[in-house]
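Only one structure is covered here, and it is reproduced in the block below.
Bear in mind that the values in this text are calculations on the coordinates, not laboratory data. None of these values were measured; they are calculated from a predicted model. Counting neighbours? That spans all protein chains shown, and the Cβs are built from the backbone with ideal geometry, glycine included.
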Amino acid sequence: MKIAICPGSFDPVTLGHLDVIERAAELFDKVVVLVLNNSSKKSAFTVDERMELIKKCINNPKIVVDTYSGLLVDYAKQSGAAAIVKGLRAVSDFDYEFQQALINKSLYPEVETVFLTAKGENMFLSSSMVKEVCSLNGDISPFVPKEIVKDINLRCKGEK
Ligand code: PNS
């Protein structure tokens, strides 16, 4: 069974993330959406909240949601994953993603990082942008799955 991990902070999950996760499920037998803490980002949602938001948007038995507090590659080793799947948006993502892919490869050479290009309409979509639009009372419904619009509004509206 070919297992892929879609890792990220997902704070919160966006339509861009969901597109990459669903496309990964077309390519692999099982996809683990792995919610991790990114040490360089301050989160609006706890890990448990982020996992719940993702679960609300997913209805595919091939996709599961999990979390881990150690190195991504250690989770990959333990779960027998063959690949880490990440979405690439504009060129601006490339340096950061390339660096992570190289570090992960040197820590655990058995795992491949596979990049899926973002759809055109998701090219400039990010969790930070969603939180910014929401906190300034903008409409986030074009950017996040409809199942979680209310939850994000409840948390972010009026917050900076
Ligand atoms: O959605 P993000 O914030 O770009 O995801 C980054 C993430 C969480 C995948 C990355 O920070 C990560 O892998 N963190 C887990 C710790 C780890 O393995 N670090 C070494 C790889 S750089």
Cα centroid separation - the stretch 75-114 against the stretch 4-56, whole Å: 15
Taking N as its residue count, the alpha carbon Rg of the stretch 75-160 over 2.2 N^0.38 Å: 1.38
The chain: calculated mean residue ellipticity at 222 nm from DSSP helix runs of at least 4, using -39500 (n - 2.57): -11500 deg cm²/dmol
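Working from the pairwise distances between different alpha carbons, so that the mean of 1/r is found and then inverted, what is the chain's Kirkwood radius in Å?
So the Kirkwood estimate lands at 16.0 Å.
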Projected-area average for the stretch 36-100 over all orientations - Cα convex hull basis, square nanometres: 5.8
Selection of GluC sites (Glu not before Pro), the stretch 52-110, meeting DSSP coil and at most 12 other Cβ within 10 Å: Glu110
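Kirkwood hydrodynamic radius (Cα pairs, Å) of the stretch 1-56? Walk me through the numbers on the way to the answer.
Working: mean 1/r = 0.0850 Å⁻¹.
With all distinct Cα pairs of the stretch 1-56 included, I get 11.8 Å.
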Efficiency of FRET from Cβ geometry, Ser39 and Lys146, R₀ 35 Å, rounded to 0.05: 0.65
Residues of the stretch 5-23 with amide N under 18 Å of the 7 Å Cα→Cβ point at Lys119: 13-23
Helix axis angle, 94-107 relative to the chain longest principal axis, alpha carbon, degrees: 40
